[in-house]
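Following: one structure in structure tokens, then a few remarks.
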Amino acid sequence: MKRRAKNAGPAEKPLFTVFIPYGETRATQETIAQVAGSGIVEKVYVMLPERAPFALRGCSPLRVKSLNAGATMKKIASRTSTPYALLILHNAAIRFGPFALGRIASVAGATGEGMLYSDYSVRAGGTAVPRPLIDYQEGSVRDDFDFGSVVVLESSVLRAAAKEAGSSRHAGFYALRLAVSRKKGIFRIAEALYSKTESDVRAEGVKLFDYVDPKNRETQREMEKEVTLHLRKIGALVKPGGEPVNLDEGEFPVTASIIIPVRNRAKTIGDAVSSALRQQASFRFNVIVVDNHSTDGTTDILGTFASRDPRLIHIVPEADGLEIGGCWNEAVHSPSCGRFAVQLDSDDLYLDESTLSRIVDRFRRDRCAMVVGSYRTTDFNLREIPPGVVDHSEWTPENGANNALRVNGFGAPRAFFTPALRRVKIPNVSYGEDYAVGLALSRRYRIGRIHEPIYLCRRWEGNSDADPGIAKMNLNNLYKDKVRTIEIRARRLHRAL
């Protein structure tokens, strides 16, 4: 007697049509065998290039030009004759757990959502390491949102969304899931329902910068087109250009303040302060260091600098528990703060003595509320390391404020027109606080850009961005998605007003 696989449950009518990308033959065949034998899969398609040879068993070929093309999404929709399509997104060896497909179908029926995904585990060295994901929310519009390698789409929603998937070569799945989110929800099953062999084993902190790789520019343009369309359809698109600011607003003791929040950076704070004080400018400036109760000698180093140069303002806040954003609020609302507040992290350096002047010149030329420069990534000894120069060239004056919701940051260094920044208030967090402010300011005001490197961003073992790990990366991404949710709602309300 033939046994049914332990990934379905009692015999029932087929619920899934499965789509698998063609990969290493043995792994693909193993994946085919387990889903085909589940009892609730009607048909399995393997997506492969138009002229590639095909000799797999238990499945049918689906010839496509690109896995992520809009045309591929339309083909998937047209081939789905069951209640759900199960789409495997990556060339990876997938193993579903016992009764996993039945569980997915059960949750899909119970929630009525348009698309589902689940946590999973990564097989490495004979062990399975849990890989939890995060919940999808209204602001999860970045194109690198991690769904894992398996998604399930309700067939009627899939067919409707596929009509809006466009004709792009690279952004078809992105357009599809944005369309699904407009029509029905996207739901995470917080259970590890499958395991996979990870094909990209780079540290999470390295993957974070993939979108700035020049070879991905064509993809970026297609993604920008799709997110712009999505924002227009949900009523959250802002007008191009932004309003100019009145740069004469307010009274200030100096033209510019370089702001350095710091806690326990005795190894680097001296370099950062020296870089700031060496700036050459035709206007008066100071350096405000908010020393967040350091215990490693940082405070003594700052005291020495302050005794030698009155331009250094050393602030130790009364409040405990401040994060980087809270330290920025202390500096920006200080009576010592200048008309322009300019970032310098305690790990980093300005490229040369002209950085501050170039930033202030950009404010005056563009009459903008925020200026963002470009940086070169280095090791501790200032040797360039990947990704090298990060210039955020995906930003354009015409659409940057909208496209910023799709990417993970604005760049560095960041500088602000102080009256505008005081009105916004900076979130008291240590990740994404600058991104939240940039989104809020770009909703209304002009943003100036400097696309040549003016800043050195040092990555080293003590740096918070070096390799945050999965748990921290999930928290960071969840927070930035929440920031995007707030911003999308604010932009809808702003348009309504």
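Each value in this text was obtained by applying a stated rule to the coordinates, not by laboratory testing. No experiment lies behind these values; they were computed from the predicted model shown. Don't worry about glycine lacking a Cβ; one is built from the backbone with ideal geometry, like all the others, and counts go over all protein chains shown.
Starting from the Cα-Cα distance between Ile470 and Glu452, subtract it from 0.36 nm times their residue separation and give me the gain in nm to one decimal.
Working: separation 18, 0.36 × 18 = 6.48 nm, distance 3.22 nm.
Stretched out fully, the Ile470 to Glu452 stretch lengthens by 3.3 nm.
The calculated FRET efficiency for Gln280 paired with Ala319, based on their beta-carbon distance and R0 = 35 Å, is about 0.50. The label point for Arg495 and the one for Glu243, both projected 7 Å from the Cα toward the Cβ, are 1.9 nm apart. Computed 3J(HN,Hα) for the stretch 63-68, one whole-Hz value per residue from the Karplus formula 6.51 cos²θ - 1.76 cosθ + 1.60 where θ = phi - 60°, is 7, 9, 7, 7, 4, 9, glycine and proline marked x. Taking 24 Å as the limit for the C-alpha separation, the pairs Lys74/Lys225; Lys74/Lys184; Lys183/Lys425 exceed it in the case of Lys183/Lys425.
Each principal axis of the Cα cloud of the stretch 324-377 was evaluated for its coordinate range; sorted largest first, these ranges are 29, 26, 16 Å.
Taking the highest mean first, how do the peptides 96-104, 128-136 order by number of other beta carbon atoms within 10 angstrom per residue?
Details: 96-104: 21.1, 128-136: 16.1.
Going from most to least packed, we get 96-104, 128-136.
A viscosity of 0.692 mPa s and a temperature of 37 °C, combined with the Kirkwood radius over C-alpha pairs in the Stokes-Einstein formula, give the chain a diffusion coefficient of 133 µm²/s. In this structure, the amide hydrogen of Val150, modeled 1.01 Å from its nitrogen in the peptide plane, lies closer than 5 angstrom to those of Leu89, Ser118, counting only residues at least 5 positions away or on a different chain.
Secondary structure note: in the stretch 343-456, about 55% of the DSSP beta bridges are antiparallel.
Candidate cross-link partners of Lys65 among the aspartates and glutamates, defined by an alpha-carbon separation under 13 Å and a same-chain spacing of 8 or more, comprise Glu50. Looking at the chain alone, DSSP beta bridges between its own residues are antiparallel in about 40 percent of cases.
When the helix-only estimate is applied to the chain (DSSP H runs of n ≥ 4, each -39,500 (n - 2.57), divided by the residue count), what is the mean residue ellipticity at 222 nm, nearest 500 deg cm²/dmol?
Calculated mean residue ellipticity at 222 nm is -10000 deg cm²/dmol.
The dipole here belongs to the stretch 36-108: it is taken about the Cα centre, uses +1 on the Cβ of Lys and Arg and -1 on the Cβ of Asp and Glu, and is about 160 debye. Taking the average, over residues, of other Cβ atoms within 10 Å as the packing measure, peptides 256-263, 386-393 rank 256-263, 386-393 from highest down. Between Glu24 and Thr485, residue separation times 0.36 nm minus the direct Cα-Cα distance comes to 162.1 nm.
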